[in-house]
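> Let me begin by handing over the structure; questions about it come next.
The values are calculated or read from the model by the stated rules, or taken from the named source; none is laboratory data. Note that the coordinates shown come from a computational prediction; the quantities given were computed from them, not determined experimentally. In this analysis, Cβ positions are derived from the backbone assuming ideal geometry, glycine residues included, and neighbour counts consider all displayed protein chains. Just the protein is used for accessible areas: all its heavy atoms, side chains included, with ligands, DNA and RNA removed. Shrake-Rupley method; radii C 1.70, N 1.55, O 1.52, S 1.80 Å.
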Amino acid sequence: MKRQRIAYSLVFLFIMAVFSQNLVFAGESAKIPPPPLKYPQGELGNMVKLGEKLVMETNTQPLTKAYVGNDLKCTSCHLEGGKKPNRGSTFIGTAANFPAKGPREKTILTLQDRILNCFMRSMGGTRPPVGSKPAIAMTAYITWLSKGLPLSMLPDKPVSLFNRPFPNKAIKPFVKKADLKKGAALYKKRCVVCHGSNGQGDGDENPPLWGSRSYNKGAGLANNLKLATWLQYNMPLGDENLTNREAADIARFVNSHKRIGFNLRKRLPEASKMGVYNGQVK
Ligand code: HEC
Ligand code: HEC
């Protein structure tokens, strides 16, 4: 009898948990749900797993490394392959936000477009063809991370609900009067152990923050407000507690260093390599 009652209350708690999760999804500061527990079966599951591998090892995997121009991987900024429930970096809920209007592209983007454009900016490389295996695999993986979540279909927001506020307007006044010297001092105190005194990283787990091996000037993080917002959610790794002022000062310092410029025409593949039909032709 007693065991049955416990079982009933567990079922009740479970239903409540699922229910409340759906309710908060509509809000700006919605709680981020966990990633799905199981991979899909069969060929789809294999594609999702391949996509995850490419997100984790973008600059070394044979299918993607030719399209990457620096030492970053998607997971360098989308922590734990986007599975970590950190704002500004999670991929949970991202697929539910597409299609969406891209402010840079001034057109409607699919999730695949959004992913491929990251290669030209954050990854400092060139755009893989639409419909290519890496494009399909990464899109399948990121879509899987939104399994069960309702589609947003919002007309104006290119960033998913779980990544907002992004950029965070509350940091804006601090970005305007950010202090380079204070940023340098804070960098020494909070970042240098992992990212090095020249922002070079350690050639292993800790990625470079500036110079030719980091994100270029076309990347989201090259914008001080976006970097400050991202830092507040995600760094220092394991100790994410920067104030608005600290995040703004450090962002100014990090982005005051040299990085590679961005020219869209040079990053796009030639027209004949822009896309492929990825189905079988009988
Ligand atoms: C240098 C950091 C960085 C790297 C590396 C990076 N991204 Fe991003 N990405 C961002 C930031 C910051 C945003 C937030 C949007 C913006 O830029 O305004 C973002 C946004 C996105 C979005 C939209 C997210 C949403 O919630 O709607 C997708 C999809 C995405 N990135 C995919 C990728 C993929 C796939 C890779 C690897 C090929 C990658 N990114 C590499 C920093 C990065
Ligand atoms: C404990 C080590 C550690 C500390 C401290 C730390 N980071 Fe990071 N940081 C990382 C790691 C590791 C990654 C890549 C994430 C991954 O691969 O899981 C990263 C990624 C980044 C990225 C995105 C990728 C890139 O290279 O551009 C930026 C920007 C960044 N950190 C800035 C900072 C700043 C600024 C501070 C100080 C406020 C800081 N980090 C503190 C370990 C650290």
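> With Arg265, Arg245, Arg252 as the choices, which residue is at pLDDT below 95 and in a helix (DSSP H, G or I)?
Sole residue among the options that is at pLDDT below 95 and in a helix (DSSP H, G or I): Arg265.
> May I ask you to list the residues in segment 63-72 that are within 9 Å of ligand 2 (Cβ to nearest atom) and either modelled with pLDDT under 95 or open to solvent by less than 30 Å² (accessible area, probe 1.4 Å) (or both)?
Asn70, Leu72
> Given the options Ala184, Ala170, name the one that is part of a helix (DSSP H, G or I) and open to solvent by less than 40 Å² (accessible area, probe 1.4 Å).
Among Ala184, Ala170, only Ala184 is part of a helix (DSSP H, G or I) and open to solvent by less than 40 Å² (accessible area, probe 1.4 Å).
> Given the conditions (1) under 20 Å from Ile136 (Cβ atoms); (2) away from ligand 2 (no atom under 16 Å from the Cβ); (3) β-branched (Val, Ile, Thr), and given that Thr75 satisfies all but one, which numbered condition is not satisfied?
(2)
> Name every residue in segment 189-239 that is near ligand 1 (Cβ under 10 Å from one of its atoms), outside any helix (DSSP H, G or I) and among the hydrophobic types (A, V, I, L, M, F, W, C), in order of residue number.
Of everything in segment 189-239, those that are near ligand 1 (Cβ under 10 Å from one of its atoms), outside any helix (DSSP H, G or I) and among the hydrophobic types (A, V, I, L, M, F, W, C) turn out to be Leu209, Ala219.
> Determine the pairs where a residue that is closer than 18 Å to Leu237 by Cα and touching a residue at least 40 places away in the same chain (Cβ under 8 Å), located within segment 60-75, has a partner that is open to solvent by less than 60 Å² (accessible area, probe 1.4 Å) and more than 13 Å from ligand 2 (Cβ to nearest atom) with Cβ atoms under 8 Å apart, the partner being 6 or more residues away or on another chain.
Cys74/Leu54; Cys74/Met138
> Within segment 152-166, restricting attention to residues that are more than 17 Å from Ile32 (Cβ to Cβ) and more than 8 Å from ligand 1 (Cβ to nearest atom), which residue is modelled with the highest pLDDT?
Among those that are more than 17 Å from Ile32 (Cβ to Cβ) and more than 8 Å from ligand 1 (Cβ to nearest atom), it is Met153.
> If you check every pair at least six apart or on different chains, which have Cβ atoms under 6 Å apart with a residue in segment 245-257 that is open to solvent by less than 10 Å² (accessible area, probe 1.4 Å) first and a residue that is within 8 Å of ligand 2 (Cβ to nearest atom) and not aliphatic (A, V, I, L, M) second?
Ile250/Tyr187
> Only one residue in Ala135, Ala219 is within 17 Å of the chain's Cα centre (by Cα) and within 13 Å of ligand 2 (Cβ to nearest atom), so which one is that?
Ala219 is the lone residue from the list that is within 17 Å of the chain's Cα centre (by Cα) and within 13 Å of ligand 2 (Cβ to nearest atom).
> Moving on to the next point. For Ile136, all conditions in the list (1) at pLDDT 95 or above; (2) open to solvent by 10 Å² or more (accessible area, probe 1.4 Å); (3) in a loop (DSSP other than H, G, I, E, B) hold save one; what is the number of the exception?
Every condition holds for Ile136 apart from (3).
> Return the residue satisfying two criteria in turn: it lies in segment 95-123 and is touching a helix residue (DSSP H, G or I) at 6+ places or on another chain (Cβ under 9 Å) and assigned to a loop (DSSP other than H, G, I, E, B), and of such residues it is most open to solvent (accessible area, probe 1.4 Å).
Here the answer is Arg104.
> While we're looking at this one, here's another question. Which of the residues spanning segment 218-244 are open to solvent by 50 Å² or more (accessible area, probe 1.4 Å) and touching a Pro at 6+ places or on another chain (Cβ under 8 Å)?
Residues satisfying the conditions are Asn223, Lys226.
> Identify, please: which residue in segment 240-277 is under 16 Å from Trp210 (Cβ atoms) and among the aromatic types (Phe, Trp, Tyr) and is, among those, nearest to ligand 1 (Cβ to nearest atom)?
So, considering only residues that are under 16 Å from Trp210 (Cβ atoms) and among the aromatic types (Phe, Trp, Tyr), the one nearest to ligand 1 (Cβ to nearest atom) is Phe262.
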